[in-house]
1. Tally time: how many residues in segment 45-63 are touching a residue at least 40 places away in the same chain (Cβ under 8 Å) and within 12 Å of L75 (Cβ to Cβ)?
2. Just to be sure I understand, how many residues within segment 30-44 are free of Cβ contacts under 8 Å to residues at least 60 places away in the same chain and either surrounded by fewer than 20 Cβ atoms within 10 Å (Cβ to Cβ) or more than 24 Å from D109 (Cα to Cα) (or both)?
3. Any chance you could count how many residues in segment 131-141 are open to solvent by 10 Å² or more (accessible area, probe 1.4 Å) and of a type outside the set (D, E)?
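The values are calculated or read from the model by the stated rules, or taken from the named source; none is laboratory data. Because the structure is a prediction, the values reported are computed rather than measured. Because the Cβ atoms are built from the backbone with ideal geometry, glycine has one as well, and the counts that use them run over all protein chains shown. Side chains are part of the model used for accessible areas, which takes the heavy atoms of the whole protein and leaves out ligands, DNA and RNA. Shrake-Rupley method; radii C 1.70, N 1.55, O 1.52, S 1.80 Å.
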Amino acid sequence: MTDKPASTQLRVGRLVKAHGLKGALKLELYTDDPDGRFVPGAAFTLQVPEASPWHGKSVTVREFRWMNSHPVLFLEGVEDRDAAESLVKAILWIDQDPDAVSEDDAWFDHQLVGLQVHRGEERVGRIVRVDHFPAQDLLIVQRDGSDDEILVPFVSAIVPEVDVANGRVIVTPPPGLFEDLPAGDEDESSAADVRADDGQKPTD
């Protein structure tokens, strides 16, 4: 089982691969401001399996660099490749700044999880998590009356409205995303083909 920090924290990155021999780690970013987040001295809570030697610990940034357009992180106390390997797949969390100003069309993951999903006036499910990928973010929606999870690209063409205050999002999905289509009626332009730069995504 993996511990996950409380919802008052924000997920800002994931350590994906050891880099070189001096403890560097390549970083998958979940923040729009990596140079501001990963400054020397910044501390992060780790989300790792209970069996990990890093379970229950935090890490502090020693240095942040861009190498061949890839973000690379050096952490205090991680001095060699073996130590870096022990942190691969760890997720980095930081306390949310209560004074931070929200951006238009940008939401934190914990603001989205739990929102009801409506297609027109019909409720079709609720958001159970947000998955982040380089091309786009996905809202994982559990369909009402079922254990099925629907992967909804988080772009304005499919999710035109997010109403956190009223606890819902409006979706305009392509045919077949929330229901089975009759044979031969599938729309070739599937939801996965929608470009990520057409819409909004969660911030850090």
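1. 1
2. Residues that pass the stated criteria total 8.
3. Selection size over segment 131-141: 6.
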